[in-house]
Amino acid sequence: VDGPWKAGSYVDLVAAGGSAHAVWVEGDSLRYAIGPGWRAVTVATGVEVGDGGQIRPQIALDGDWMPVILYTSGHDAWLARLELTNITTGPVWKQSLFAKGGALSDLTIRGGEPVVVSYDAKAHVQLDGKEIYASGDDGVCVCCRPAVLARPASLAVAFRDADGPRRDI
């Protein structure tokens, strides 16, 4: 698929209202563009990717259709939000540390706010930084990225338990 991400890797896309929002990594730079015009900007540097695609940036749109990006830097999970705060300077990317050691993570939006599921250093599952599942000696499978989905009345979280006889999801 043609687009400005051809020089990079680990692209993620989200569409809304006839526009597509893209995020990808070039070297260690996190890049963002909105199409169909595709004028790319750098959101952050020092971004990490890898583990066969398990560690990669992800994008979602908040209630106002503004992009929210989850990415990894320094083995920590970060959120970047586009804010239209100053008419003179234009849009600004606001970066915030989401979780220490939250490299394997997933992002969704619920009620206009980001929701993140991740693993902590003990391989316990966390939702928005609060532990929601801890398993036996082996913990959860950290080779499989957790996933989160916002439903109208609740959230659904999926992950693999390394202790289960079938490595249950």
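The values are calculated or read from the model by the stated rules, or taken from the named source; none is laboratory data. Quick caveat, the model's predicted, so the values are computed rather than measured. Cβ coordinates were reconstructed from backbone atoms using ideal geometry, including for glycine residues, and neighbour counts include every protein chain displayed. Surface accessibility is based on the protein's heavy atoms, side chains included, excluding ligands, DNA and RNA. Shrake-Rupley method; radii C 1.70, N 1.55, O 1.52, S 1.80 Å.
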- Pull up the stretch 107-153, narrow it to residues that are among the acidic types (Asp, Glu) and more than 15 Å from residue 77 (Cα to Cα), then point me to the one that is surrounded by the fewest Cβ atoms within 10 Å (Cβ to Cβ). 137
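In this structure, does residue 28 turn out to be under 26 Å from residue 127 (Cβ atoms) and among the acidic types (Asp, Glu)? Even if it seems obvious, please write down each step before you answer.
Working: under 26 Å from residue 127 (Cβ atoms): no; among the acidic types (Asp, Glu): yes.
So residue 28 does not fit the description; no.
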- Are there any pairs with C-beta distances below 8 angstrom linking a residue in the stretch 154-169 that is farther than 23 Å from residue 111 by Cα and open to solvent by less than 40 Å² (accessible area, probe 1.4 Å) to a residue that is at pLDDT below 80 and small (Gly, Ala, Ser), with the two at least 6 apart or on different chains, and if so which? 161/135; 162/123; 162/135; 162/139
- Task: Among what's in the stretch 62-82 and is out of contact with any Phe, Trp or Tyr (no Cβ under 9 Å at 6 or more places or on another chain) and in contact (Cβ under 8 Å) with a residue 24 or more places away in the chain, pick the residue that is surrounded by the fewest Cβ atoms within 10 Å (Cβ to Cβ).
- Result: 64
- The one condition in (1) out of contact with any Lys or Arg (no Cβ under 9 Å at 6 or more places or on another chain); (2) of a type in the set (D, E, K, R); (3) modelled with pLDDT of 85 or more; (4) surrounded by 12 or more Cβ atoms within 10 Å (Cβ to Cβ) that residue 100 fails to fulfil: (3)
- Any hit, the stretch 86-97, residues being open to solvent by 50 Å² or more (accessible area, probe 1.4 Å), assigned to a strand (DSSP E or B), over 27 Å from residue 1 (Cα atoms) and among the β-branched types (Val, Ile, Thr): yes
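Can you find, within the stretch 5-61, the residue that is farthest from residue 97 (Cα to Cα) among those that are basic (Lys, Arg) and either open to solvent by less than 30 Å² (accessible area, probe 1.4 Å) or over 14 Å from the mean Cα position of the chain (by Cα) (or both)?
Initial filter on the stretch 5-61 (basic (Lys, Arg)): 6, 31, 39, 56.
Going one step further and asking which of them are either open to solvent by less than 30 Å² (accessible area, probe 1.4 Å) or over 14 Å from the mean Cα position of the chain (by Cα) (or both), we end up with 6, 39.
Details: 6: 28, 39: 26 Å.
Top of the filtered list is 6.
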- Query: Which residue, of 78, 65, 24, is outside any strand (DSSP E or B) and either touching an Asp or Glu at 6+ places or on another chain (Cβ under 6 Å) or of a type outside the set (D, E, K, R) (or both)?
  - Reply: 65
